[in-house]
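In what follows, a single structure is set out as structure tokens and then discussed.
The values are calculated or read from the model by the stated rules, or taken from the named source; none is laboratory data. Predicted, not measured: the structure shown is a model, and the values here were computed from it. Note that each Cβ is placed from the backbone with ideal geometry, even for glycine, and that neighbours are counted across all protein chains shown. Heads up: the accessible areas ignore ligands, DNA and RNA and are worked out on the full protein's heavy atoms, side chains in. Shrake-Rupley method; radii C 1.70, N 1.55, O 1.52, S 1.80 Å.
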Amino acid sequence: MASDPANTAPAGIPRHLAVIMDGNGRWAERRRRPRMIGHRAGARAVNVCIDFCLERGIRALTLFAFSSENWARPEEEVGALMKLFLNALEREVEELHRRGVRIRFIGERARFSDAIRQRMDHAESVTAGNRRLHLNIAASYGGRWDIAQAARSLAEDVAAGRLAPADIDERLLGSRVALADLPPPDLFIRTGGDLRISNFLLWQLAYTELWFTELLWPELDATTLQVALDDYAGRQRRFGLTGAQVAGREPVAQDNENSA
Ligand code: FPP
């Protein structure tokens, strides 16, 4: 999709930002409030993040809203989160559409209620033509699930005789994981102080720059996001090459395996 604006962004700005929104529960607990109050505050921080992306010209934002593992949380918290998602879908979609945002959901959609699935389908179809910002919500999502579903889809093609096992390579598997039509995330941000990827976009994050903050998700503001962007702009991304090659002082050898 060379003509898709998701493939371009102002210099030094990530084209695609991926975020783990962690710390809602602790934010509420520190205030002696139920965890759900933290998730509600977290929903407001989602808007801060979307506004920031729109202002800075970031073309794709992928938010980890609910992991495959989050289903195992206490029933009361899962139920309240589902209500929050449903309300957010009912409240925000029209405004996001007006602002040129394309909404997509990645993850195991079959695990959600009919009401939520219908709202997800509606949000996706209403905003399908928008290109100013690709907003991807990872919900009931796991990176291992994503790779497994890509492998299953290739296996189905092999079983049906459409594909030979020898044709399976990184490019082909990469074309079957979620968000294959977008550039992979340039920058990953995790709030909440933990230094891990927690089964987020495992395939897609292979060469992503990682940035962590102690700040809890509901405390997120544009200043913090700008600090992350400034840090990103100062990094040299080498993708396995030497610094001299990246700077253009030394040639890049052809990789015979992949150059055909
Ligand atoms: C992690 O914090 C956060 C979640 C599991 C839920 C994320 C949901 C939101 C930000 C709100 C709504 C989102 C959308 C897209 C409308 P945690 O509960 O693990 O926090 P803790 O580590 O402090 O316990």
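Points to keep in mind about this one:
- Some residue of segment 245-257 being within 18 Å of F64 (Cα to Cα) and without any contact (Cβ under 8 Å) to a residue 12 or more places away in the chain: no
- Residues considered: E76, E69. Of these, the only one that is within 11 Å of the ligand (Cβ to nearest atom) and open to solvent by 70 Å² or more (accessible area, probe 1.4 Å) is E69.
- Selection of segment 41-53 for residues being of a type outside the set (D, E) and surrounded by fewer than 18 Cβ atoms within 10 Å (Cβ to Cβ) yields R44, N47, V48.
- Set side by side, the residues T242, T224 differ, and just one is of a type in the set (S, T, Y), within 16 Å of the ligand (Cβ to nearest atom) and out of contact with any Lys or Arg (no Cβ under 6 Å at 6 or more places or on another chain), which is T224.
- Pairs, first assigned to a helix (DSSP H, G or I) in segment 76-98, second hydroxyl-bearing (S, T, Y), C-beta under 8 Å, six or more apart: M82/S113; V93/T127; L96/T127; H97/T127
- Checklist (1) surrounded by 12 or more Cβ atoms within 10 Å (Cβ to Cβ); (2) closer than 29 Å to E170 by Cα applied to Q236, failing item: (1)
- Condition check for L225: surrounded by 18 or more Cβ atoms within 10 Å (Cβ to Cβ), part of a helix (DSSP H, G or I) and in contact with a helix residue (DSSP H, G or I) (Cβ under 8 Å, 6 or more places away or on another chain): yes
- Residue pairs whose Cβ atoms lie under 8 Å apart, separated by 6 or more positions or on different chains, with the first residue in segment 43-58 and in contact (Cβ under 8 Å) with a residue 24 or more places away in the chain and the second β-branched (V, I, T), are C49/V19; I50/V101; F52/I58; L54/V101; R56/I13; G57/I13; I58/I13.
- Taken over segment 18-37, the criterion of being in a loop (DSSP other than H, G, I, E, B) and touching a Gly at 6+ places or on another chain (Cβ under 7 Å) is satisfied by M21, D22, G23.
- Selection status of G12, more than 15 Å from P218 (Cα to Cα), more than 10 Å from the ligand (Cβ to nearest atom) and without any contact (Cβ under 8 Å) to a residue 60 or more places away in the chain: no
- Members of segment 18-41 that are hydrophobic (A, V, I, L, M, F, W, C), more than 9 Å from the ligand (Cβ to nearest atom) and either touching a Pro at 6+ places or on another chain (Cβ under 8 Å) or farther than 27 Å from P185 by Cα (or both): A18, M36, I37
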